[in-house]
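Q: Let me give you the structure first, and then I'll get to my questions.
The values are calculated or read from the model by the stated rules, or taken from the named source; none is laboratory data. Because the structure is a prediction, the values reported are computed rather than measured. Note: ideal-geometry Cβ built from the backbone for every residue, glycine included; neighbour counts use all protein chains shown.
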Ligand SMILES: N[C@@H](CCC(=O)N[C@@H](CS)C(=O)NCC(=O)O)C(=O)O
């Protein structure tokens, strides 16, 4: 087994999906958390972070970046990919949509400074973006074996873990966000109840995002 090091900020953000893959697989790695304000500017200027961003994954002495590229690599190593090209396309579709949600959320949490524009972006996110995504995802889940299992195919894939990570962020914003989506709410619980996932959630650093 190679030695894995995951570099990200001290938050869940774009790193948590990959941390959850490690957790669900029960594979050890070094969870390196860079202080965004005090360490990152100097770290970034070293040029060691491929495209100047995190997350980055070291596999022994090879470094890769891009959260979903890392996730696909880990899922391939740990048996969490789909079992056909179409299943993998569906997994990518879901993970890319989770990234869109993250980016929509990041706009009004971190990026927009004008208070009125921030409020408008939050409103669009909550009243349009999130219901559109969750409505579609509820149907995708129900269309897969009646929605009693996982999002794609018969077993846990990295799409379920990226969904779980993103829902943590959305539930923090609105604890009732899954109430109108019973299949997704049950999936969130099912993934969170997996013993290795539950153990990670219990022990992971408590961060604001
Ligand atoms: N598409 C990339 C986006 C990476 C990204 O935007 N990372 C942010 C943190 S979430 C970052 O490194 N920000 C600091 C910077 O750009 O200097 C991915 O999914 O990994």
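Q: Looking for something within 14 Å of the ligand (Cβ to nearest atom) and on the phi < 0 side of the Ramachandran plot - is there at least one such residue anywhere in segment 76-86?
A: Of all residues in segment 76-86, those within 14 Å of the ligand (Cβ to nearest atom) come to none.
Within segment 76-86, not a single residue is within 14 Å of the ligand (Cβ to nearest atom) and on the phi < 0 side of the Ramachandran plot.
Q: Need the failing condition index for residue 169 against (1) surrounded by 14 or more Cβ atoms within 10 Å (Cβ to Cβ); (2) part of a loop (DSSP other than H, G, I, E, B), just the number.
A: (2)
Q: Within segment 109-124, is there a residue that is away from the ligand (no atom under 16 Å from the Cβ), crowded, with 17+ Cβ neighbours inside 10 Å and more than 20 Å from residue 18 (Cα to Cα)?
A: yes
Q: Given the residues 135, 104, which is the only one that is more than 18 Å from the chain's Cα centre (by Cα) and under 18 Å from residue 178 (Cα atoms)? Write out each step before concluding.
A: On the way: 104 fails: more than 18 Å from the chain's Cα centre (by Cα).
From the options 135, 104, the qualifying one is 135.
Q: Can you go through 118, 44, 48 and tell me which one is in the same structural domain as residue 141 (by TED's automatic domain parsing) and either closer than 29 Å to residue 136 by Cα or out of contact with any helix residue (DSSP H, G or I) (no Cβ under 6 Å at 6 or more places or on another chain) (or both)? First the steps, then the outcome.
A: Values: 44 fails: in the same structural domain as residue 141 (by TED's automatic domain parsing); 48 fails: in the same structural domain as residue 141 (by TED's automatic domain parsing).
Testing whether each residue is in the same structural domain as residue 141 (by TED's automatic domain parsing) and either closer than 29 Å to residue 136 by Cα or out of contact with any helix residue (DSSP H, G or I) (no Cβ under 6 Å at 6 or more places or on another chain) (or both) leaves just 118.
Q: Can you name the residue in segment 11-37 that is assigned to a helix (DSSP H, G or I) and more than 12 Å from the ligand (Cβ to nearest atom) and is also surrounded by the most Cβ atoms within 10 Å (Cβ to Cβ) among such residues?
A: So the first thing to find is which residues in segment 11-37 are assigned to a helix (DSSP H, G or I), and the list is 13-25.
After this cut, where a residue has to be more than 12 Å from the ligand (Cβ to nearest atom) as well, the list is 19-25.
Details: 19: 20, 20: 28, 21: 26, 22: 20, 23: 21, 24: 23, 25: 18.
Among residues in segment 11-37 that are assigned to a helix (DSSP H, G or I) and more than 12 Å from the ligand (Cβ to nearest atom), the one surrounded by the most Cβ atoms within 10 Å (Cβ to Cβ) is 20.
Q: Something else: Kindly indicate whether residue 71 is under 19 Å from residue 169 (Cβ atoms), assigned to a helix (DSSP H, G or I) and either at pLDDT 95 or above or touching a strand residue (DSSP E or B) at 6+ places or on another chain (Cβ under 6 Å) (or both).
A: On the way: under 19 Å from residue 169 (Cβ atoms): yes; assigned to a helix (DSSP H, G or I): yes; either at pLDDT 95 or above or touching a strand residue (DSSP E or B) at 6+ places or on another chain (Cβ under 6 Å) (or both): yes.
When the stated conditions are applied, residue 71 passes them.
Q: Taking the criterion of being more than 10 Å from the ligand (Cβ to nearest atom), free of Cβ contacts under 8 Å to residues at least 40 places away in the same chain, closer than 30 Å to residue 153 by Cβ and not assigned by TED's automatic domain parsing to the domain that holds residue 170, would at least one residue in segment 97-104 satisfy it?
A: No: zero hits.
Q: May I pose another question? Return only the number of the condition from (1) within 15 Å of residue 7 (Cβ to Cβ); (2) near the ligand (Cβ under 9 Å from one of its atoms); (3) surrounded by fewer than 20 Cβ atoms within 10 Å (Cβ to Cβ) that residue 67 does not satisfy.
A: (3)
Q: Please specify each residue of segment 38-55 satisfying the condition of being more than 11 Å from the ligand (Cβ to nearest atom) and in a loop (DSSP other than H, G, I, E, B). Break it down into steps so the answer makes sense when it comes.
A: First pass over segment 38-55, keeping only residues more than 11 Å from the ligand (Cβ to nearest atom): 38-39, 42, 46-48.
Answer for segment 38-55, where residues must be more than 11 Å from the ligand (Cβ to nearest atom) and in a loop (DSSP other than H, G, I, E, B): 38, 39, 46, 47, 48.
Q: Between a first residue in segment 62-74 that is closer than 14 Å to residue 20 by Cα and a second residue that is in a helix (DSSP H, G or I) and near the ligand (Cβ under 9 Å from one of its atoms), which pairs have beta carbons less than 8 Å apart while being 6 or more apart in sequence or on different chains?
A: 67/14; 67/15; 67/99; 68/99
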